[in-house]
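**Student:** One structure, pasted below without further comment.
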Amino acid sequence: MQKSALNVRKIRKDFPILKREVMGGKQLVYLDNAATTQKPLSVINAINNYYMNYNSNIHRAVHQLAEEATAAYEETRKKIVGFINAGSTDEIIFTRNTTEAINLVAYSWGRANIKRGDKIVITEIEHHSNIVPWQILTQEKAAKLEYVGVGDDGYLKIDEFAKYLDSKKVKLVSLSQMSNVLGTIVPVNEMIKMAHEKGIPVLIDGAQSVPHMPVDVQKLDCEFLAFSAHKMLGPTGVGVLYVKRDLLEKMPPFMGGGDMIKEVHKYETRYNDLPYKFEGGTPNIADVIGFGAAIDYLQNIGMDRVREHEIDITKYALDKISAVKGVTIYGPANATDRGGVISFNIGDIHPHDLATIMNDHGIAIRSGHHCAQVLMERLDVSATSRASFYIYNTKEEVDALISALAEARRLFRI
Ligand code: 7TS
């Protein structure tokens, strides 16, 4: 067996939950990382430490606790600048999650820039959070949504994308960099260049890519990038929206209230500096601080090695799962073209039944439409089963999945 790029045994010790037994004494095998990842002790401790020792609101009072909390919160913003190579902290807005980050763009930039007859281009592989905000916006503005198709091989139809861009009406492109169902890694570099040749800004949904591979916003040159802390070892309730500074300066505020203002008078308000103008109200201080510890953890490993480990385990799992009789795997056949996400069906076993049998073996996988019903329609299935990996998963866990799949086939006589 090939040596892993990571010291997975050592990494596993940092995640208390991985020691858990489920279903009456079965060792937990957690393969639902595309939904949310587990948290290392350093993240749990960072949140605990904040509440135990310096819980306070930020950006307001001058007392010591407030200063400590503000410093820790802003430290995470600096870490994110380094992590995605943004130009400055002004370009980093904290949201609740990827969904809120995309909605922020739709409500603020979208309302100010999209007009009747304009077009927004997305793709058939998008998560609902990169579809529904654009439906709401285009319906409100009498604009139009166009979908780049996906081939049976799991790759986007780039020629279709090029044709859409020929229309002068396209005002925004919004793309997932990695599909949460097919695992497909989208050639966003090339697609951003194509859009920019026509002067069209691009939003990258990095919910699945940022946790799993190096992402550099200056190299990509994207206008917007959205991602969630909880899919990259961080807590739930924190997301990030990166916006190129020149665009952000022109964007109207998203939510009005405390903290996003400089001066409020009876009939007018002067808004706060960037990025605070977009962070109305008390933010999720504890979890932003926890997110900082998650970024430290990933930086210590190195995102190149995270990606290497995932290619290794995905290649192994693709080989093993494709050898299961009656299996259909969705997405690219080549592990280097996909993230650590494998969606599949076996014969006519319903994915929920399959996931239930896996659960009986202590194996957590996801089943359903994965918030990608447009893609489910395209694949002509109502649901799939999905195993998804992260830094702490081992080939032995893939083997456990394979033997449980064999058991399911026996039960269903396939
Ligand atoms: N975009 C993509 C590509 C995603 O995979 C997800 C979540 C989101 C956006 C939304 O992220 P959120 O943090 O705002 O919820 N994907 C999944 C999934 O595959 N299973 O559960 C959540």
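The values are calculated or read from the model by the stated rules, or taken from the named source; none is laboratory data. Because the structure is a prediction, the values reported are computed rather than measured. Don't worry about glycine lacking a Cβ; one is built from the backbone with ideal geometry, like all the others, and counts go over all protein chains shown.
For every residue, the table says whether it meets (1) within 30 Å of Ala372 (Cβ to Cβ); (2) assigned to a loop (DSSP other than H, G, I, E, B).
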site	(1), (2)
Gly24	no, yes
Glu68	no, no
Lys78	no, no
Thr99	yes, no
Gly117	yes, yes
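**Student:** Among residues belonging to segment 41-80 that are among the charged types (D, E, K, R) and over 29 Å from the mean Cα position of the chain (by Cα), point out the one that is nearest to Pro214 (Cα to Cα).
**Tutor:** Glu68
**Student:** Based on this model, can you work out whether Met1 counts as under 29 Å from Ala387 (Cα atoms) and modelled with pLDDT under 95?
**Tutor:** yes
**Student:** Further question on the same structure: Here are some residues: Ile136, Ile92, Ile114, Ile125. Which one is within 30 Å of Asn334 (Cα to Cα) and among the aliphatic types (A, V, I, L, M)?
**Tutor:** After applying the criteria, what remains is Ile125.
**Student:** Within segment 351-362, is there a residue that is more than 16 Å from the ligand (Cβ to nearest atom), assigned by TED's automatic domain parsing to the domain that holds Val22 and within 20 Å of Val8 (Cβ to Cβ)?
**Tutor:** Within segment 351-362, one or more residues are more than 16 Å from the ligand (Cβ to nearest atom), assigned by TED's automatic domain parsing to the domain that holds Val22 and within 20 Å of Val8 (Cβ to Cβ).
**Student:** A follow-up question, please. Please list, ordered by residue number, the strands (runs of 3 or more DSSP E) wholly in segment 318-414 having 3 or more residues that are surrounded by 22 or more Cβ atoms within 10 Å (Cβ to Cβ) and charged (D, E, K, R).
**Tutor:** none
Rundown of residues vs (1) in contact with a Pro (Cβ under 7 Å, 6 or more places away or on another chain); (2) within 24 Å of Met213 (Cβ to Cβ); (3) within 16 Å of the ligand (Cβ to nearest atom), yes/no style:
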{"residue": "Ser343", "(1), (2), (3)": "no, yes, yes"}
{"residue": "Ala372", "(1), (2), (3)": "no, yes, yes"}
{"residue": "Leu375", "(1), (2), (3)": "no, yes, yes"}
{"residue": "Ala383", "(1), (2), (3)": "yes, no, yes"}
{"residue": "Ser388", "(1), (2), (3)": "no, yes, yes"}
{"residue": "Lys395", "(1), (2), (3)": "no, yes, no"}
{"residue": "Ile402", "(1), (2), (3)": "no, no, no"}
{"residue": "Leu411", "(1), (2), (3)": "no, no, no"}
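**Student:** Within segment 85-97, is even one residue within 16 Å of the ligand (Cβ to nearest atom), under 30 Å from Tyr164 (Cα atoms) and either assigned to a strand (DSSP E or B) or modelled with pLDDT of 95 or more (or both)?
**Tutor:** yes
**Student:** Please go through segment 257-267 and give me each residue that is free of Cβ contacts under 8 Å to residues at least 24 places away in the same chain and either within 34 Å of the chain's Cα centre (by Cα) or within 24 Å of Leu247 (Cβ to Cβ) (or both), ordered by number.
**Tutor:** Met260, Ile261, Lys262
**Student:** Going by what's in this entry, would Ser108 be described as outside the structural domain of His369 (by TED's automatic domain parsing), closer than 17 Å to Lys277 by Cβ and more than 16 Å from the ligand (Cβ to nearest atom)?
**Tutor:** yes
**Student:** Test of understanding: among Val188, Val217, Val210, which residue is among the aliphatic types (A, V, I, L, M) and free of Cβ contacts under 8 Å to residues at least 60 places away in the same chain?
**Tutor:** Unique residue meeting the criteria: Val188.
**Student:** Tally the residues that are of a type outside the set (Val, Ile, Thr), more than 8 Å from the ligand (Cβ to nearest atom) and buried (at least 24 other Cβ atoms within 10 Å of the Cβ), restricting the search to segment 119-132.
**Tutor:** 0
**Student:** State the number of residues belonging to segment 127-159 that are in contact (Cβ under 8 Å) with a residue 60 or more places away in the chain and β-branched (Val, Ile, Thr).
**Tutor:** Here the count works out to 2.
**Student:** Being within 30 Å of Ile122 (Cβ to Cβ), in contact with a helix residue (DSSP H, G or I) (Cβ under 9 Å, 6 or more places away or on another chain) and among the acidic types (Asp, Glu) is the requirement here; does Glu310 meet it?
**Tutor:** yes
**Student:** A follow-up question, please. Let me confirm something: among Ala69, Ala35, which residue is in contact (Cβ under 8 Å) with a residue 60 or more places away in the chain, within 15 Å of the ligand (Cβ to nearest atom) and either outside the structural domain of Leu233 (by TED's automatic domain parsing) or touching a helix residue (DSSP H, G or I) at 6+ places or on another chain (Cβ under 6 Å) (or both)?
**Tutor:** Within the list Ala69, Ala35, the selection yields Ala35.
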